[in-house]
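Peer 1: This is the structure, below, for whatever I ask next.
Computed from the coordinates by the stated procedures, all read-outs in this text should not be read as laboratory data. None of the values given here were measured: they were computed from a predicted structure. Neighbour counts are summed over all protein chains in view; Cβ atoms, including those assigned to glycine, are modelled from backbone coordinates with ideal geometry.
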Amino acid sequence: MSVLVTKQAPDFTSTAVLASGSIVDNFQLSSLKGNKIVIFFYPLDFSFVCPSEILAHNSRVGEFKERSVELIGISIDSQYTHSAWRNTAINNGGIGVIDFTLVSDVDHSIMESYGIVHPKNSVALRGSFLIDEDFIIRHQVVNDLQLGRNVDEMLRMVDALDFNTQSGEVCPAGWKKGDDGIERSPEGIAAYLSKNADSL
């Protein structure tokens, strides 16, 4: 597995099903450069943990949009399987209509470039990546197949990135929107800890 934080996001062009339901042959990640991007890999459509993660992301699409984040899901399924999954009702094992793009990684090249191939099952681990406006990866987290993600944690990381970018202050442990940051100096950390150490 690779640690890609601080590096340029590996670009890719692939088939995809857009939020509109349209299938395109040449969706390119770098076409979104200039926006924040969250990409998340999942093993397979029509599986077990995966639909819960898709729906958890989808229920927060508005929150990602409020933060100017483009949301992209990726698995090794074909664009046709993605489309069929979207066109299957939730109570029949589908995901219904979702409001973000699903990318097809049939040849496994995308998950390989992100370093998250499961060593035995030839599917993607549950990897999530936050890419900034300059196409630099600023956060990544990877779970094993059995462990579903906390989508709210990704939203927290987007807020932390925005706070740091706008204020220049850094984010302490457990920081969430509205909390104090830390000025990058000995005086700054001393002031922060004198006020907040007991709540850490």
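Peer 1: Within a Cβ distance under 13 Å of GLU183, other residues only, what is the Lys/Arg minus Asp/Glu net charge?
Peer 2: On the way: positive: ARG184, LYS195; negative: GLU169, ASP180, GLU187.
Result for the local shell: -1.
Peer 1: Related question: At R0 = 22 Å, how high is the FRET efficiency between ASP107 and GLN8 if r is their beta carbon distance? Nearest 0.05 is fine. Walk me through the numbers on the way to the answer.
Peer 2: Values: r = 21 Å, r/R0 = 0.97.
For ASP107 and GLN8, the calculated efficiency is 0.55.
Peer 1: Take every DSSP beta bridge whose two residues both sit in the chain, then give the antiparallel share in percent to the nearest 5. Each step should come with its number before you reach the end.
Peer 2: Values: 19 of 30 bridges.
About 65 percent, rounded to the nearest 5.
Peer 1: Quick check on the exposure proxy: order SER122, SER199 from fewest to most C-beta atoms within 10 angstrom.
Peer 2: Exposure proxy ranking, most exposed first: SER199, SER122.
Peer 1: The stretch 165-200 to the stretch 63-94: how many Å between their Cα centroids?
Peer 2: 37
Peer 1: Turning to a different aspect of this structure: Just from its helices, what would the mean residue ellipticity at 222 nm be for the chain, if runs of 4 or more DSSP H residues each count -39500 (n - 2.57) and the sum is divided by every residue, rounded to the nearest 500 deg cm²/dmol?
Peer 2: Values: 6 runs with 57 residues, N = 200.
It comes out at -8000 deg cm²/dmol, rounded to the nearest 500.
Peer 1: From the Cα trace of the stretch 13-167, what convex hull volume per residue do you get, rounded to a whole Å³?
Peer 2: Values: hull volume 15.9 nm³, N = 155.
Per-residue hull volume (Cα only) is 102 Å³.
Peer 1: Check the chain and count each lysine pair with an alpha-carbon distance under 18 angstrom, considering only pairs eight or more places apart or from different chains.
Peer 2: Numbers: LYS7/LYS33; LYS7/LYS36; LYS33/LYS65; LYS36/LYS65; LYS36/LYS177; LYS65/LYS177; LYS176/LYS195; LYS177/LYS195.
Taking the chain as the scope, the lysine pair count is 8.
Peer 1: Here's a follow-up. In the Gaussian network model of the chain, springs joining C-alpha atoms below 10 Å, which of ILE110, ILE182, ILE136 carries the largest mean-square fluctuation?
Peer 2: ILE182
Peer 1: Taking neighbour counts of Cβ atoms within 10 Å as a proxy for exposure, in what order, fewest first, do THR15, THR101 appear? Please list the in-between numbers first.
Peer 2: On the way: THR15 18, THR101 21.
Arranged by neighbour count, lowest to highest, THR15, THR101 become THR15, THR101.
Peer 1: What FRET efficiency comes out for the pair LEU18/GLU183, r = Cβ-Cβ distance, R0 = 35 Å, nearest 0.05? Don't skip to the answer; put the middle values down first.
Peer 2: Details: r = 43 Å, r/R0 = 1.23.
After rounding to 0.05, the efficiency reads 0.25.
Peer 1: Among 26-32, 50-56, what's the highest-first ranking by average C-beta atoms within 10 angstrom per residue?
Peer 2: Numbers: 26-32: 15.9, 50-56: 18.0.
Ranking, from highest mean packing down: 50-56, 26-32.
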